[in-house]
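Novice: This structure is in structure tokens; I'll ask about it shortly.
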């Protein structure tokens, strides 16, 4: 099997898992997703564990979580990747069955992080040891890495007593607002953290999709820069050894998306269609309701497929969906926000794999 070259961060939602299943085998063989178990209730601040836990019902959590993990295990079919259950692992009784299934029936590596209580770090590390697949350590770099963070990571590695050959370092920059500052944070982290032990894999994650999308009107199509791609290029140019570091991003969602549960209430009267180009995201608003909704949705898709960056309907299932939507009639086939984000995920992952493989440049 070819070694993965791309790590997309994917929330465990139906649209995302379906997008993964829609990828051609040649793409799935080159990616190792970082699956993030989304919370059942209540949005979680990035890197902060709420106290008290906003999901105190273990029976409801178990009933909700276990079938979703079963679906993910079935979709991944033993393929490699990571799974971060940080939003649910504190409820050990409720999450135990699901995490045991991950341990014994999947090819996914569990993940822990510096910000988590020692008992949960130990819990996940023990499961990782049982699996024999090793453990990912996710280091959040929202601020600049420092000596203190290096000390915390070194102490964690020593405390877990797992062999270095089975440990992965996942450097997570989160949402990129200033590409230069994020690149500086990444370079500092590389200098301080990468040399602590001989890590098995090193991943650099960053989110380039903006929230909110500034300047986007109801009918406009807007190109916004892929800042995560700029960060990776800067880091690789500054540290030639970074060529061995895996590129990761949050795809066509902003970095906080996986920390939010599925909305129970009706959302805004519009959603986003997204398309990934060489260095930008092409974004447009599409209506979710209204008497002329279908025609307006098709007009939005038409604007994307007639942009000069569009790669053609045959490029992936994502492009095919956009093309069919743009050229169809009536309401059938215009989809909804879930359909739009699925198409966005598919075309993005296919395109990034092609970029990373050198077909269209790094």
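None of the figures in this text is laboratory data; all of them are computed from the coordinates on show. Not measured: the values here are computed from a predicted model. In this analysis, Cβ positions are derived from the backbone assuming ideal geometry, glycine residues included, and neighbour counts consider all displayed protein chains.
Novice: Based on the Cβ-Cβ distance of residue 178 and residue 70, what FRET efficiency does E = 1/(1 + (r/R0)^6) give at R0 = 35 Å, to the nearest 0.05?
Specialist: Values: r = 41 Å, r/R0 = 1.16.
Step by step, r from the Cβ atoms, then E = 0.30.
Novice: So in the chain, what percent of DSSP beta bridges are antiparallel if you round to the nearest 5? Please list the in-between numbers first.
Specialist: Details: 12 of 45 bridges.
The antiparallel proportion sits near 25 percent.
Novice: Using 0.36 nm times the number of residues separating residue 288 and residue 63, minus their current alpha carbon distance, what extension gain do you get?
Specialist: 78.0 nm
Novice: Related question: When the chain is fully extended, how far beyond the present Cα-Cα distance does residue 188 get from residue 280, taking 0.36 nm per residue of separation?
Specialist: Details: separation 92, 0.36 × 92 = 33.12 nm, distance 2.62 nm.
This chain segment gains 30.5 nm when fully extended.
Novice: Can you bin segment 246-362 into rounded, prolate or oblate? Criterion: square roots of the alpha carbon gyration tensor eigenvalues sorted a ≥ b ≥ c, rounded for a/c under 1.5, prolate for a/b above b/c, oblate for the rest.
Specialist: Values: a/c = 2.42, a/b = 1.29, b/c = 1.87.
Judged from the Cα gyration tensor, segment 246-362 comes out oblate (a/c at least 1.5, b/c at or above a/b).
Novice: Next question. Cα centroid distance between segment 29-71 and segment 146-216, in Å?
Specialist: 22
Novice: Answer rounded, prolate or oblate for segment 6-267, using the Cα gyration tensor with square roots of eigenvalues a ≥ b ≥ c: rounded when a/c is under 1.5, else prolate when a/b is larger than b/c, else oblate. Each step should come with its number before you reach the end.
Specialist: On the way: a/c = 1.42, a/b = 1.06, b/c = 1.34.
Rounded shape, in that the Cα axes give a/c under 1.5.
Novice: Do the sum for the chain: with -39,500 (n - 2.57) for every DSSP H run of n ≥ 4, divided by all residues, what is the mean residue ellipticity at 222 nm, to the nearest 500 deg cm²/dmol? Present the calculation step by step, with values, prior to reporting the outcome.
Specialist: Details: 11 runs with 145 residues, N = 362.
The helix-only estimate for the chain comes to -12500 deg cm²/dmol at 222 nm.
Novice: In degrees from 0 to 90, rounded to the nearest 10, what is the angle of the helix 147-160 Cα long axis to the longest principal axis of the chain?
Specialist: Approximately 70 degrees, to the nearest ten.
Novice: Note the angle between two axes, namely the Cα long axis of helix 227-238 and the longest principal axis of the Cα atoms of the chain, as a number of degrees from 0 to 90, rounded to the nearest 10.
Specialist: The angle comes out at about 50 degrees.
Novice: Shifting gears a bit: Helix 337-356: angle to the longest alpha-carbon principal axis of the chain, degrees 0 to 90, nearest 10?
Specialist: 70
Novice: Right, another one. Between residue 43 and residue 195, what is the label-point separation in nm under the 7 Å Cα-to-beta-carbon projection?
Specialist: Spacing of the two 7 Å Cα→Cβ label points: 4.0 nm.
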